[in-house]
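The values are calculated or read from the model by the stated rules, or taken from the named source; none is laboratory data. The shown structure was predicted, so the numbers you read here are calculated from the model rather than taken from an experiment. Cβ sites come from the backbone with ideal geometry, for glycine too, and all protein chains shown count toward neighbours.
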Amino acid sequence: MHLAFLTPLASLAVLLAGIPLAAWLLVVRRDSVARRVLSLRTPLRSSRLGPAVAIAVTAALIGIAAAQPVIQHKTTHRERTDAEAWVVFDISLSMAASQGPHAPDRLERARRFALALRPRLQSIPIGVASLTDRVLPHLFPTPDESAFAGDVKRAIGVDSPPPQRFYANRATALDALTSFVTAAYFRPQTQYRAVIVLTDGESLPVSPTVAVMLRKPPGVHVIFVHVSNPDDRIYTTTVPDPNYRPDPASGAFLQRVAAVLHGTSVSEGDVSGAAAAARAALGAGPIKNVSETARVALMPWVTLAAFAPLAFLLWRRNL
């Protein structure tokens, strides 16, 4: 464990302290001249130096904060080096539907599902992404369960970001899953790949080319989690939106798509089924101890400490 600075050159911001220090020196000289002319008593040196010390301390703390101090330490975890998975959240507007104005919406239920699923896939690096008419990565595959949980809780939101285009009806496009083949979502050496899609199944039609793309070696196994309930409605107030009704055929649609992709479809209450499908797709490969550097950021605390001398300056100003 040791202290390090991520941006040491930024500490040169401390040089900006020269401006207020020069202003303080000018004020002190003018004050001294005025006191001599008026034959006033000279104040104690300690009281006169107080503002200068406060300015210097504030500048030093700001310079340290700008350098981004961190405490670094090594951590070791067990990780599958031949397998990776992604948890993909459908964030289209229909995922805001819930069974009541104060009930958890579909996206919240999807979050809870993902957080319950993650511990069942220990040692497997898992990433987080969102889906509308495109796939956007939020967290690349990592065995760190706390990083996964933090991203799921804070980075995923309905229509955040919105689709690329305007859609009068449905915005979810499962065709976008081909990005997991065409883009670098997986490490090149990853042999076993899985994508777990949490969606209400209210999607645009799926192109036949999706199956062809996802089967390209080494292949991507898709697991759909159907997050939907017949009583779901979209509540902007305590009254449901009359223009929205759940699609009763969405579950059957996901099952058909899963069959075409040689994947799996489970309900939102079947965490065990999703975990079993993921483990079957990812197999049982070698697990290695991997070391990485963990960091604890000190910048927020140093910045907060800089307010103490600033408060002293404001207090002295009002005396």
field: Qualifying positions in segment 108-153 - crowded, with 16+ Cβ neighbours inside 10 Å, among the aliphatic types (A, V, I, L, M) and touching a residue at least 60 places away in the same chain (Cβ under 8 Å)
entry: 110, 114, 117, 121, 124, 131, 152
field: Qualifying residue in segment 86-103 (condition: at pLDDT 85 or above, over 20 Å from residue 229 (Cα atoms) and not polar (S, T, N, Q))
entry: yes
message: Exactly one condition in (1) buried (at least 20 other Cβ atoms within 10 Å of the Cβ); (2) in a helix (DSSP H, G or I) is false for residue 212; which is it?
response: (1)
task: Pick out the one residue from 148, 140, 166 that is in contact with a Gly (Cβ under 7 Å, 6 or more places away or on another chain) and either assigned to a loop (DSSP other than H, G, I, E, B) or closer than 22 Å to residue 113 by Cβ (or both).
output: 140
- line: Checked 280, 305 against criteria (at negative phi and in contact (Cβ under 8 Å) with a residue 40 or more places away in the chain); the one match is 305
message: Taking the conditions exactly as written (modelled with pLDDT of 95 or more, touching a Pro at 6+ places or on another chain (Cβ under 8 Å) and either under 22 Å from residue 133 (Cα atoms) or not assigned by TED's automatic domain parsing to the domain that holds residue 89 (or both)), does residue 265 satisfy them or not?
response: no
task: Exactly one condition in (1) free of Cβ contacts under 8 Å to residues at least 24 places away in the same chain; (2) in a loop (DSSP other than H, G, I, E, B) is not met by residue 252; state its number.
output: (2)
message: Being over 24 Å from residue 120 (Cα atoms), in contact (Cβ under 8 Å) with a residue 40 or more places away in the chain and either crowded, with 18+ Cβ neighbours inside 10 Å or touching a strand residue (DSSP E or B) at 6+ places or on another chain (Cβ under 7 Å) (or both): is that true of residue 198 here?
response: no
